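Read through the structure below, which is laid out as structure tokens, and then see the notes.
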Amino acid sequence: MIKKITIDQLKPGVFIHDFDSGWHTENLFINQTLVKNVKTIDIIRSWGIKEVYIDTERGLDIDAAKTAREVRDETDKSLHELAKADPSSSYYIPLKEEIAIAENIKKEAASVIQRATANILAGEPLETEDAFQLIEKMGDSVTRNKDALILLTRIRQKDEYTLMHSISVGSLVLSFCYFAKIPHEMTLNLAVGALFHDIGKTRIPLEILNKPGKLTDSEFEEMKRHAEYSAEVMVNATNLPHEAFDMGLHHHERYDGTGYPDGLKGEEIGYGSQVAAICDVYDAITSARCYKGGMESILALRKLYEWSNYHFNKDLTYKFIRCIGVYPIGTCVRLESDLIGVVVGSTDNVLQPIVRVFYNDKKKSAVPVYDRDLFKIGDKVASYEDPGKWDLGKLKIFDDLPAGISLFT
Ligand SMILES: [Fe+2]
Ligand SMILES: [Fe+2]
């Protein structure tokens, strides 16, 4: 049985099934392992890990621990409560319409970042004028439809990870700021910071940056230096607000003090950097890398919820979860009417999105696929449904989306 325990409950003889370390974002590559001695526990603790999942069939059991299923059910319930607490969402234009516009904005964003990168490599300072103009357009796109730009950045060529990641984190920070009603000027400043938060990676050798395997200790240390490199680039930039500079330097700080480079804790970390940390981790775990597939959005939100017990500001994390939507587009759901479907669009209420229905669980039979606007009909999402139970790829229910866009990773 898989159970979740705290680091303090860990003891020799326990088998670690999952180190639950995705909040780290760096490629830790820690294999499942049997804890042989106390020294191993100290090493795990030194990585900042606070909780792990164990397999009681391969090692000792910890009686007091909750099972992975219990943890998941409790988290789902809490997420549902979060949605209920503030069910309003603004109305967006359909994904299909915004995708075409967002495609051009994505191309423009890519060229702004590529130009900035080339300038830096040529020893010139970072210019921010183009970036501010771009951010306005990106902001308009995420206001019309918060999913289009982010979904487009999920399509990443092998060497494009950092580029698309920067656009995605920029879009997520914009989305968050609109949701949290951050004043316009501050929103733009934070979004520019998000766009350039990893600009220091231009100084990391490509063989380290794109290495598919485990990094050596010294490579790992060099990789971590990108935050300081970002700050070095940003300090010489023209018209770059201080909040943006801080996000470059501190987006890997963690609320419990386990981050880098300065090991800041709690509110010592700037607001923008706290928001950037959440958006950065969300993008990192939902997108495919050369060494792993991306996680489904709702599973990533569950993880953020769990990790906010230690690594992130809880209030900001809950706000981020509500901003993404609790039942984000692409989530498989069970409705109160016992129909099963996949969220394909937003309405005025996050618990009543537009759902593409494909199964009637009351009648235990498939139904011809149709889009059900829960807000208009008065139906509601009852719970998350494991998509693994349904062969969604085979159902081909997203044939109307543009080529290359996949709601499932
Ligand atoms: Fe980073
Ligand atoms: Fe990042």
- Query: Under unit Cβ charges (Lys, Arg +1; Asp, Glu -1), what dipole magnitude, rounded to 20 debye, does the stretch 95-324 have relative to its Cα centre?
  - Reply: 900 debye
- Compactness of the stretch 43-128, expressed as Rg and Dmax over alpha-carbon positions, Å: 23.8, 60
- Calc'd 3J(HN,Hα), the stretch 40-52, phi into Karplus 6.51 cos²θ - 1.76 cosθ + 1.60 (θ = phi - 60°), Hz, glycine/Pro = x, comes to 4, 5, 4, 5, 4, 4, 5, 7, x, 6, 10, 9, 9
- Among 319, 181, 224, whose mean-square fluctuation peaks in a Gaussian network model of the chain (Cα, cutoff 10 Å)? 181
- Surrounding net charge for residue 117, when Lys and Arg each add one and Asp and Glu each subtract one, Cβ distance under 14 Å: -3
- Message: Quick check: pseudo-label points 7 Å beyond the Cα along Cα→Cβ at residue 33 and residue 133, how many nm apart are they?
- Response: 5.2 nm
- Compactness summary of the stretch 264-347: radius of gyration and Dmax from Cα atoms, Å, are 14.6, 48
- Message: Projecting each Cα onto the charge dipole of the chain (Lys/Arg +1, Asp/Glu -1 at the beta carbon, about the Cα centre), which of 56, 210, 367 comes out farthest on the positive side?
- Response: 367
- Would you mind working out the magnitude of the charge dipole of the stretch 332-395 relative to its Cα centre, with +1 at each Lys and Arg C-beta and -1 at each Asp and Glu C-beta, to the nearest 20 Debye? 200 debye
- Please calculate how many Å² of accessible area the stretch 95-324 carries per residue, with a 1.4 Å probe and no DNA, RNA or ligand atoms counted. 39 Å²
- Item | Loop-located chymotrypsin sites (Phe, Trp or Tyr not before Pro) in the stretch 216-280 whose Cβ has at most 13 other Cβ within 10 Å (DSSP) | none
- How big is the C-alpha Rg of the chain next to the rule-of-thumb value 2.2 N^0.38 Å, as a ratio? 0.99
- Message: How much length would be gained if the chain were fully extended between residue 348 and residue 61, taking 0.36 nm per residue of separation minus their Cα-Cα distance, in nm to one decimal?
- Response: 98.7 nm
- Item | For the stretch 1-77: span of alpha carbons on each principal axis (Å, largest first) | 34, 29, 19
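Please tell me which of these pairs span more than 31 angstrom C-alpha to C-alpha: 3/314; 106/319; 66/201; 84/107; 39/214?
In this structure, 66/201; 84/107 lie more than 31 Å apart at Cα.
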- Tell me, what % of the accessible area of the chain is carbon and sulfur with a 1.4 angstrom probe? 52 percent
- Hey, any idea what the orientation-averaged projected area of the convex hull of the stretch 332-395's Cα atoms comes to, in nm²? 4.0 nm²
- Candidates 273, 166, 218: whichever shows maximal mean-square fluctuation once the chain is modelled as a Gaussian network with Cα springs under 10 Å: 218
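The values are calculated or read from the model by the stated rules, or taken from the named source; none is laboratory data. None of these values were measured; they are calculated from a predicted model. Ideal geometry is used to build each Cβ from the backbone, glycine not excepted, and the neighbour counts take in all protein chains shown. For accessibility, only protein heavy atoms count, side chains too; no ligands or nucleic acids. Shrake-Rupley method; radii C 1.70, N 1.55, O 1.52, S 1.80 Å.
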